[in-house]
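Below is one structure; the comments refer to it alone.
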Amino acid sequence: MAADQEQNITAEMLAIDNLGPAKITSPLLGFTAMGPDEAASWESFTEDDSRVLLDVRAKALSECIAEGRAPDSFEEAGARRSIYFDPSKVRAAILTAGGLCPGLNDVIRALVMTLHYRYGVRNISGVKYGYQGLSPEFGHELVPLDVRAVSQIHEFGGTVLGSSRGAMTPADMVDSLERLNINILFCIGGDGTLKGAHGIALEAKARGLKLAVVGVPKTIDNDIGMVARSFGFETAVAIASDVIRSAHTEALGAPHGVGLVKLMGRDSGFIAATAALARGDANYVLIPEIDFDLEGPGGLLAHLEKRLDSRGHAVIVVAEGAGQKLFQDQGRDKDASGNILHKDIGAYLSHAVNGYFKSRKKELNLKYIDPSYIIRSAPANASDQVYCSFLGQKAVHAAMAGKTDLLISMWNDHFVHVPIALATMRRKKIDPNGVLWSSVMEGTGQPVLSNNNRIV
Ligand code: F6P
């Protein structure tokens, strides 16, 4: 387990809620060319007691054995031999909420295809504009979804269902779900969406409603706890690294050329750090997790001046949440999801660097590139598409088995069920002492940008 994910986890926090005993034989048993006996032992079925270790390090395991306690583990995701819902009675709904991310349509497609082809579910709907679609006050109708409706949607970025930020009150949303007779709800979204899904699951439980709520974690920032990799992240890194290459080309093409690239990353700098690592061209990578000084002998401006004097060009990659201390009125406004709206660090740095070189009477050719929404709205690349298919399939298997209040995650190369409450306890961040950040420092040769600096 990554050090930045460590928290005091108990077996209770890892337990997955079930709507009731799964008594119906899965239609997947008749799906293969095998006879029922062979199919019953088909390895693609996952037992409910199959678990995946949180920490795969041998030392951690030995410690557990020595202390006589069971190691922490997640329930493994996958098709169950027995399911809870009768497919002919299922009314499934899918919603996407929060910011866009490559792969949303691929997940929608995978959900519909698996429900339809593997379980024979025919009543599937799309909820328009996230949680707004569960509030009568907005008047959005459900969209019927079938194989034909979703067959080509993976060709496009964005979400065919539309998205919005902010949740409604759980009681109102569950009223709507009851009225619509929905018994399975898939929520594709980030931290805010998943908290909304958890609220719906709790409200449904309090009412004794048999509603399965299954999340598919989405965030281009890759910052959801207990999720090793979010879908869309690889696509984002691939496009961002192309942008860094362009910034480098621009920087090389002019005397004292600087390419400044701003990338998404509200509170976690995973896209910036990983894309910079992919392309060795960045000289400075600024992320929310690592403080930096701008002014002073150890600050970015002085280092940049030295670099331009000696090498003639430089590339700066900045994540949107970096350097917020530079703004006097930081952190006042929030978006509808409750996230602090950050000030524009890219524009600020562009202005500051230009001003500094002007005051030093030195030439500067700075090109500022902000590809944020171009990246976020792109269709998923092949690797993310495959990943989205798996996530959608596993989400359907979990829901049909009557599991609820969970999300599908990839952990130690296995798909697992994570309780939503656990995943949303803490956002994932880059560990300043971890391997990703030290690789960035090594790969870019970036100095410690601090006036209390040990290394210059
Ligand atoms: O979904 C995460 C994210 O892409 C962040 O990186 C970014 O800060 C935010 O969403 C911006 O979203 P919007 O402009 O849609 O509110």
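The values are calculated or read from the model by the stated rules, or taken from the named source; none is laboratory data. All values derive from a computational prediction rather than experimental measurement. Ideal geometry is used to build each Cβ from the backbone, glycine not excepted, and the neighbour counts take in all protein chains shown. All accessible areas refer to the heavy atoms of the entire protein, side chains included, with ligands and DNA or RNA removed. Shrake-Rupley method; radii C 1.70, N 1.55, O 1.52, S 1.80 Å.
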With the first residue restricted to the stretch 241-257 and required to be touching a residue at least 40 places away in the same chain (Cβ under 8 Å), and the second required to be of a type in the set (Phe, Trp, Tyr), Cβ contacts under 8 Å at 6 or more apart or on different chains are His256/Phe357
Asp384 fails exactly one of (1) within 16 Å of the ligand (Cβ to nearest atom); (2) not assigned by TED's automatic domain parsing to the domain that holds Phe74; (3) not basic (Lys, Arg), namely (2)
Mind checking which residues of the stretch 284-322 are under 27 Å from Asn222 (Cβ atoms), open to solvent by less than 20 Å² (accessible area, probe 1.4 Å), in a loop (DSSP other than H, G, I, E, B) and more than 16 Å from the ligand (Cβ to nearest atom)?
-> Phe292, Leu294
Which residues, counting only those in the stretch 238-256, are open to solvent by less than 20 Å² (accessible area, probe 1.4 Å) and away from the ligand (no atom under 16 Å from the Cβ)?
-> Ser241, Ile244, Ala247, Ala251
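So which helices (runs of 4 or more DSSP H) stay within the stretch 128-229 end to end and still have 2 or more residues that are surrounded by fewer than 24 Cβ atoms within 10 Å (Cβ to Cβ), within 16 Å of the ligand (Cβ to nearest atom) and assigned by TED's automatic domain parsing to the domain that holds Ile16?
Numbers: elements: 147-150, 170-179, 191-206.
Answer list for the stretch 128-229: 191-206.
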Positions within the stretch 257-283 being in contact with a strand residue (DSSP E or B) (Cβ under 9 Å, 6 or more places away or on another chain), more than 16 Å from the ligand (Cβ to nearest atom) and open to solvent by 10 Å² or more (accessible area, probe 1.4 Å), in sequence order | Leu277, Arg279, Asp281, Asn283
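Quick check on Leu142: is it farther than 30 Å from Glu75 by Cα and out of contact with any Asp or Glu (no Cβ under 8 Å at 6 or more places or on another chain)? Full working, then the answer.
Details: farther than 30 Å from Glu75 by Cα: yes; out of contact with any Asp or Glu (no Cβ under 8 Å at 6 or more places or on another chain): yes.
Considered against the rule, which asks whether it is farther than 30 Å from Glu75 by Cα and out of contact with any Asp or Glu (no Cβ under 8 Å at 6 or more places or on another chain), Leu142 comes out as yes.
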Select from the stretch 356-381 the residues that are among the β-branched types (Val, Ile, Thr) and either open to solvent by 50 Å² or more (accessible area, probe 1.4 Å) or part of a strand (DSSP E or B) (or both) and list them in ascending order.
-> Ile369, Ile374
Can you tell me which residue among Arg91, Arg81, Arg69, Arg51 is over 30 Å from Arg179 (Cβ atoms), at pLDDT 95 or above and open to solvent by 50 Å² or more (accessible area, probe 1.4 Å)?
-> Arg51
Lys334 vs (1) open to solvent by 70 Å² or more (accessible area, probe 1.4 Å); (2) modelled with pLDDT of 95 or more; (3) within 16 Å of the ligand (Cβ to nearest atom): all pass except (2)
Pairs, please: C-beta under 7 Å, at least 6 apart or cross-chain, first residue over 13 Å from Ala77 (Cβ atoms) and in the stretch 376-396, second of a type in the set (Val, Ile, Thr)?
-> Arg376/Ile220; Ala378/Thr235; Ala378/Ile239; Ala380/Thr235; Asn381/Thr235; Asp384/Thr235; Cys388/Val107
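Going by the conditions given, is Gly232 in contact with a His (Cβ under 7 Å, 6 or more places away or on another chain) and in contact (Cβ under 8 Å) with a residue 40 or more places away in the chain?
Working: in contact with a His (Cβ under 7 Å, 6 or more places away or on another chain): no; in contact (Cβ under 8 Å) with a residue 40 or more places away in the chain: yes.
So Gly232 does not fit the description; no.
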Taking Asp431 as the residue in question, decide whether it is more than 21 Å from Pro217 (Cβ to Cβ) and more than 15 Å from the chain's Cα centre (by Cα).
-> no
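Among the listed residues Gly98, Gly78, identify the single one that is within 16 Å of the ligand (Cβ to nearest atom) and under 22 Å from Phe390 (Cα atoms). Give the steps one after another, and end with the answer.
Details: Gly78 fails: within 16 Å of the ligand (Cβ to nearest atom).
Testing whether each residue is within 16 Å of the ligand (Cβ to nearest atom) and under 22 Å from Phe390 (Cα atoms) leaves just Gly98.
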How many residues are more than 15 Å from the chain's Cα centre (by Cα), assigned to a helix (DSSP H, G or I) and farther than 12 Å from Leu185 by Cα if we restrict to the stretch 391-407?
-> 3
Do we have any residue at all in the stretch 340-362 that's among the polar types (S, T, N, Q) and either modelled with pLDDT under 95 or within 16 Å of the ligand (Cβ to nearest atom) (or both)?
-> no
Apart from one, (1) open to solvent by less than 50 Å² (accessible area, probe 1.4 Å); (2) in the same structural domain as Val213 (by TED's automatic domain parsing) all hold for Gln393; the odd one out is (1)
Could you tell me whether the stretch 385-403 includes any residue that is farther than 19 Å from Gly265 by Cα and among the hydroxyl-bearing types (Ser, Thr, Tyr)?
-> yes
